[in-house]
Amino acid sequence: MDLKGKVHKFGDDVNTDYIISGRHKFKTLDMKELAKYVMEDLDPDFYSKVSKGDFIVGGRNFGCGSSREQAPLAIINADIDAVIAKSFARIFYRNCINTGLALIECDTDQIDEGDELEINLQAGILYNRTKGIEIQITPLPEVMLKILSEGGLVEHFKKYGTFNFD
Amino acid sequence: MVLGKTIAEKILSKHSGQDARANDIVVADLDFVMGQDGTSGLAINAFEQMQGQKVFDPGKIAMVIDHSAPSPLAGVSALHKQMRDFAELQKIHLYDIGDGVCHQLLPEQGHVLPGNLVIGADSHTCTYGAINVLSTGVGSTDLAAGLLSGKLWFKVPETFKFMLNGELPKGVFSKDLILYLIGDVTADGATYMAAEYVGEAIDRLSVEARFTISNMAIEMGAKCGLMEADAKTTDWVKAHSNREFETVKADSDAVYARVKEYDVSKLEPQVARPHTVDNVSPISGVEGIPVQQGVIGTCTNGRMEDLRIAASILKGKKISKKSRLIVAPSSRQVMIEAMREGLIEIFVESGAAVVTPGCGPCVGTHNGVPSDGENVISTANRNFKGRMGNPTAFIYLASPATVAASVLYGKITDPREFF
């Protein structure tokens, strides 16, 4: 899976209320509609700045807070291909795997707003084309890679009817 | 030599049938599964996409309509209807508008017992750790998998043990203690870990006060906030359920990733300042900041003990004309008890607006969205920008005593003068 796109950079502790606010998420299950409000409280113009395949890049503890799965779903529906951060909060992390949103754990200090990145998930390589540097990615545990590569937990259950990690 | 286990390792071993050790990945059987109205809609859709027909065990599942209850919008009403229809079809427990906040209801209605493994599609599901339950928040697709199979995969967490010595001073409460701990270890200080809260400071607390601590384990990034069960725990649980249970204790040679020791005897009331929960200050650092709105309630601090403390401060007094106060008891049962004790009368006479048991004022769906630039002091567990429905408002988090004292004066006030 090769990904290419430009960076939208945020700081530490980006919580799920910032990703999609509670005042929007309760209104509808239409994720295309919710996607318009992604990151609204941090950057009201965010949705209009995104081009298909772009990346959200954060610092530490990305996705902390509420368990809302609308957070990764709204990100996916805003045409973001992956979230890259130094570390992730655990419920958000699980929700990304389950919904099929790629997440990449690595040092993000050398990634800035507008940088062009190329990512090869299988090989575990992130190349910052703007800066001409390669950044090491923390590999995903096998169980999570399996669910992600199958397209998420719904697809896993469609295939096996229950959890199957053998 | 085989080393001992933490509470989390023991519960996950028992529920997976494996020798579960920190960082292992196990598939484990669930004792109870819960969803609320912000998460159940997506879960029902995922359940259907997974080609689910029947839930694994209707008696072990509850859906709770609490986050926007009663519904403020037609879109929300449609989600509520979807939950009611699903509950009727699958014969699972449904708690409807006014029944209360999910994290009050599950222990109060006897659905969760010591030693249980529980998931809820709400991040504050960690609350039941206070009664020795390994309970953790998940998203909607995990919830769907749980509804269908009665199982979930878990990474066995390492454990961060908090040794809490001493006795909290008068006017200082379990909310102050957990805010202090979060400020100390920060919002990701226990990420991916189980927190274990032990020591004489915990032993001295009531079960209700302990729920406040476990409730906020997620605010330090933890998967769960566990406590051992003592006589208070077993008495409390037996008052809420007739079912048998087995409590779980950590082995004396259990392996901990981190241990921190604290003496709580000199702790001041604590306040989390905008816009992160770990931005904590002793009350002395924030006293005098004007507050236009107070909130008492939520899954953190909406129980009888909380309402009694707040009412003891507000009794016979009027809140400041510069402040408003919203009180949301955490369940119908709490509301009824508070009525019988005369607490609701005290709140209403003091000038408070008492609203339906539920989550609204905390999560910004309705029931008290602040105005632009206003300061709010709340007993809730999150003060993120926009959390209460207005990104230009400022939210301070504190104990019910601090909130009650603050709305009396219209500014952040040290509650110790009342005790």
* Asked: Can you list residues whose amide H is under 5 Å from B:Lys411's amide H, if they're 5+ apart or on another chain and H is modeled 1.01 Å from N?
  -> B:Val291
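Counting pairs of alpha carbon atoms under 8 Å apart in space and at least six apart in sequence, what relative contact order in percent does chain A give?
23
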* Cut-off under 5 Å, modelled amide H: who pairs with B:Phe394 long-range -> B:Glu374, B:Asn375, B:Val376
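Summing +1 for each Lys or Arg and -1 for each Asp or Glu, what net charge is found among the other residues whose Cβ lies under 12 Å from the Cβ of B:Gly166? Spell out each step's value before the answer.
Working: positive: B:Arg204, B:Lys266; negative: B:Glu167, B:Glu200, B:Asp203, B:Glu261, B:Asp263.
Net charge in that neighbourhood comes out at -3.
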* To do: Please find, in a Gaussian network model of chain A (springs between Cα atoms separated by less than 10 Å), the residue of A:Thr28, A:Thr108, A:Thr138 whose mean-square fluctuation is greatest.
  => A:Thr28
* Of the residues B:Thr298, B:Thr159, B:Thr234, which exhibits the maximal mean-square fluctuation in a Gaussian network model of chain B defined by a 10 Å Cα contact cut-off? -> B:Thr234
* Asked: trypsin sites (Lys or Arg not before Pro), restricted to the range B:318-361: which are DSSP loop and have at most 13 other Cβ atoms within 10 Å?
  -> B:Lys318, B:Lys321, B:Lys322
* HN-Hα J couplings of the range B:189-200 from phi, Karplus 6.51/-1.76/1.60, θ = phi - 60°, integer Hz, Gly and Pro as x? -> x, 10, 4, 6, 9, 8, 9, 10, 9, 9, x, 5
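Of all beta bridges DSSP finds with both residues in the protein assembly as shown, what is the antiparallel percent, to the nearest 5?
Within the protein assembly as shown, antiparallel bridges account for around 30 percent of the total.
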* Structure fact -> Over all pairs of different Cα atoms in the range B:1-153, the reciprocal of the mean inverse distance gives a Kirkwood radius in Å of 15.8
* Structure fact -> Env charge @ B:Glu261, Cβ radius under 14 Å, K,R +1 / D,E -1, value -1
* What does the convex hull of the Cα atoms of the range B:81-153 come to per residue, in Å³, rounded to a whole number? -> 99
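Residues with beta-carbon under 13 Å from that of B:Gly410, excluding B:Gly410: net charge, scoring Lys, Arg +1 and Asp, Glu -1?
Numbers: positive: B:Lys317, B:Lys318, B:Lys321, B:Lys322, B:Arg324, B:Lys411; negative: B:Glu287, B:Glu374.
Around B:Gly410, the charge tally is +4.
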* Only helical DSSP H runs with n ≥ 4 go in: add -39500 (n - 2.57) per run for the protein assembly as shown, normalise by residue count and round the 222 nm mean residue ellipticity to 500 deg cm²/dmol. => -8500 deg cm²/dmol
* **Contact order relative to length of the range B:7-261, as percent, for alpha carbon pairs under 8 angstrom and 6 or more apart** => 24
* Step through the residues of the range B:390-396 one at a time and calculate ³J(HN,Hα) from phi using the Karplus curve (6.51 cos²θ - 1.76 cosθ + 1.60, θ = phi - 60°), rounding each to whole Hz and writing x for Gly and Pro. => 9, x, 9, 8, 10, 10, 10
* Asked: Which residue, chosen from B:Ser40, B:Ser16, B:Met50, occupies the Cα position most advanced towards the positive end of the dipole of the range B:1-51, where the dipole is computed from +1 (Lys, Arg) and -1 (Asp, Glu) charges on Cβ about the Cα centre?
  -> B:Ser16
* Could you list the chymotrypsin sites (Phe, Trp or Tyr not before Pro) in the range B:122-165 that lie in coil according to DSSP, counting only those with at most 11 other Cβ atoms within 10 Å of their Cβ? => none
* Determine, from the Cβ-Cβ distance of B:Ile289 and B:Phe418 and an R0 of 22 Å, the FRET efficiency 1/(1 + (r/R0)^6), rounded to the nearest 0.05. => 0.70
* Asked: Of B:Lys14/B:Lys260; A:Lys36/B:Lys91; B:Lys170/B:Lys318, which ones are farther than 31 Å apart at the Cα?
  -> A:Lys36/B:Lys91
* To do: Would you be so kind as to identify all helices of chain A, as entire DSSP H runs, whose Cα atoms reach 20 Å or more along the helix's own axis and whose mean Kyte-Doolittle hydropathy is at least 1.6?
  => none
* Structure fact -> Which residues qualify? For B:Tyr95, with a placed amide H closer than 5 Å and at least 5 residues away or on another chain, they are B:Met63, B:Val64, B:Ile65
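Kindly identify the protein assembly as shown as rounded, prolate or oblate by the Cα gyration tensor criterion: order the square roots of the eigenvalues as a ≥ b ≥ c, call it rounded if a/c is under 1.5, otherwise compare a/b with b/c, prolate if a/b is larger, else oblate.
Rounded, since a/c falls under 1.5.
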* To do: Using a Gaussian network model of chain A whose springs link C-alpha atoms within less than 10 Å, name the residue from A:Val14, A:Val154, A:Val50 with the highest mean-square fluctuation.
  => A:Val154
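Every number in this text was worked out from the coordinates using simple rules, so none of it is lab data. Worth saying up front: this structure is predicted, and the values here are computed from it rather than measured. A quick note on method: Cβ atoms are made from the backbone with ideal geometry, for glycine too, and the neighbour counts reach across all protein chains shown.
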